[in-house]
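Here is the structure we will look at, set down as structure tokens.
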Amino acid sequence: MGIKSPVGFLDSGIGGLTISSEVIRLLPGENIIYYGDNAHFPYGPRLQWEVRDFALRIIDYLVNECDAKYIVVACNTASVAAIDVASEVFSVPIIGPITEGAKEAVQSSKNQKIGLIATEGTVSSQGYQNAIYKLNPDAEVVAHATPKLVDIVEKGQLSDLETEGILREYLTPFINTGCDSLILGCTHFPFLMETIKKVIEGKMNVIFPGTEIAERIKRDLADTGLLNPDKKGDEIYLTSQLSNVSKDFLKIGRERLGMNLDFQELNLFE
């Protein structure tokens, strides 16, 4: 492992591109390997032990086959299920959105009333809630599953009237309970940022953990002498099932993130 070693990302699909794009933006010299487990998408409804097994297999590939120097578990559900175990098994740093998102929420919230929208699996896991309470036991967390949003993003319906209506239905309770911060607890949700901000009308600070993750990686790599000084790193995008990658969502990723996404199929579970 050295400066040229890649930063590895894993997600249940390609929603985690919202996080990897932040790392590429802040650290353009880093080589990137992204693995989307589309064969098992979505992780949200699955049992935690099953998600943990999927994640550990992918991390093993990224570390031992790709020589990754840093691992980002971009999926919120997988972060809860696997990061603690993976950190004991593998010697490289492994982080996810929950710790970084909770930290930013506690630091930025003025009244410590923090909202969370996420999948049912992430909300019920209590991962964000526990991370926030660990930082501030007196914080109040209002968490709601928003199951329609992933499908909306996958279909490319980011800003039409139907989407705005669904978001208004989901977000109004947070405003009514006085939350001043809102965590986007799913990697798909940043694609809805424009419509979310329109609906909340500045009444909540919207937190996307991807920005905090990128800044954390930059600090860690600089501290360990592993920051790649190159001007432009290589990017490799892999998926466990190419036929299950949403073409609509891939188009959105290319347009909104400005990424040249060319996925190759590599099934690690055969």
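Summary of values
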quantity	calculated
Mean shadow area of the chain, taken as a quarter of the surface of its Cα convex hull (nm²)	13.4
Restricting segment 202-270 to chymotrypsin sites (Phe, Trp or Tyr not before Pro) in coil, as DSSP defines it, with at most 15 other Cβ within 10 Å	Phe269
Cα centroid separation, segment 71-126 to segment 177-224 (Å)	12
Cα-based convex hull volume of segment 1-131 per residue, rounded to whole Å³	108
Amide H contacts under 5 Å for Tyr70, placed H, 5+ residues apart	Gly8
Tally of Lys pairs whose C-alpha atoms are under 25 Å apart, taken over segment 167-264, 8 or more apart or cross-chain	5
In order through segment 202-214: 3J(HN,Hα) via Karplus (6.51 cos²θ - 1.76 cosθ + 1.60), integer Hz, x for Gly, Pro	x, 7, 9, 7, 8, 10, 10, x, x, 5, 5, 4, 4
Charged-residue dipole, Cβ positions (Lys, Arg, Asp, Glu), segment 142-270 about Cα centre, Debye nearest 20	300
Mean projected area in nm² (Cα convex hull; one quarter of hull surface) for segment 229-270	4.0
Positive dipole terminus of the chain, leading residue within Gln48, Asn38, Ser181 (C-beta point charges)	Ser181
Helical contribution to [θ] at 222 nm, DSSP H n ≥ 4, -39,500 (n - 2.57), averaged over the chain, rounded to 500	-13500 deg cm²/dmol
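Values in this text are rule-based calculations from the coordinates and carry no lab data. Fair warning: this is a prediction, and the values are worked out from it, not measured in the lab. Backbone-built Cβ (ideal geometry, glycine too); neighbour counts: all protein chains shown.
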